[in-house]
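Structure first, then comments.
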Amino acid sequence: GLGLRYNLFAGGRTRKNLQNAQISKEVSQLQRDQTEEQVLAAAVRERSNLVLLQEQLGRDEQNIETFQENYRRTEERFYNGKASSLDLRDAQLALLNAEVAIANLKADLLQTSLRLEAIKGRLLQSP
């Protein structure tokens with residue numbers, strides 16, 4: 001005939017499954033917390049870098065005036081015969097290096113700013 005079978009000892013398996021589910025939930029929460037801490041640390045690091053780069057850019061932009069003035073004076077001295085072409089080239093090279101350093105700082109500043117915005121979730125993805 002017809003028979004019905006029911007496992008009376010399924011409660012142990014159900015309890016074990018519930019415990020495993022609870023452990024999985026706790027692990028997921030810990031991973032989420034760890035990820036949040038990593039994102040926060042990255043944001044703080046990028047913000048600090050941003051401030052440092054802004055300060056460095058300000059100093060370098062002030063220093064560029066010194067390099068420009070040095071080049072102008074060396075150029076005058078060169079035209080008056082009191083400086084060699086090497087002196088003029090050195091002043092020109094120093095000015096050029098200062099301008100390149102500023103351009104590099106601006107690029108670094110932009111990259112850092114973009115990384116910070118990406119961390120904040122504000123950076124829009126372009127299609």
| query | Pick from 53, 116: which is modelled with pLDDT of 95 or more and either of a type outside the set (S, T, N, Q) or open to solvent by less than 50 Å² (accessible area, probe 1.4 Å) (or both)? | reply | 53
| Residue check for residue 58: among the small types (Gly, Ala, Ser), part of a helix (DSSP H, G or I) and without any contact (Cβ under 8 Å) to a residue 12 or more places away in the chain | yes
| task | Kindly indicate whether residue 39 is open to solvent by less than 90 Å² (accessible area, probe 1.4 Å), assigned to a helix (DSSP H, G or I), hydrophobic (A, V, I, L, M, F, W, C) and free of Cβ contacts under 8 Å to residues at least 40 places away in the same chain. | result | no
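Here's the yes/no breakdown for (1) in contact with a helix residue (DSSP H, G or I) (Cβ under 8 Å, 6 or more places away or on another chain); (2) among the hydroxyl-bearing types (Ser, Thr, Tyr); (3) within 30 Å of residue 42 (Cα to Cα):
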residue: 60; (1), (2), (3): yes, no, yes
residue: 66; (1), (2), (3): no, yes, no
residue: 69; (1), (2), (3): no, no, no
residue: 74; (1), (2), (3): yes, yes, no
residue: 85; (1), (2), (3): yes, yes, no
residue: 102; (1), (2), (3): yes, no, yes
residue: 110; (1), (2), (3): no, no, yes
residue: 116; (1), (2), (3): yes, no, yes
residue: 122; (1), (2), (3): no, no, yes
| task | Check residue 110 against each of (1) open to solvent by 70 Å² or more (accessible area, probe 1.4 Å); (2) at pLDDT below 95; (3) of a type outside the set (Phe, Trp, Tyr) and name the one condition it does not meet. | result | (2)
| field | Restricting segment 70-106 to residues that are more than 29 Å from residue 55 (Cα to Cα), open to solvent by 90 Å² or more (accessible area, probe 1.4 Å) and not basic (Lys, Arg), the residue that is farthest from the chain's Cα centre (by Cα) | value | 80
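The values are calculated or read from the model by the stated rules, or taken from the named source; none is laboratory data. This structure is a prediction, so every number in the text was calculated from the model and none was measured. Quick reminder, even Gly has a Cβ in these numbers, built from the backbone with ideal geometry, and neighbours come from all protein chains shown. The area values use the complete protein model at the heavy-atom level, side chains included, leaving out ligands, DNA and RNA. Shrake-Rupley method; radii C 1.70, N 1.55, O 1.52, S 1.80 Å.
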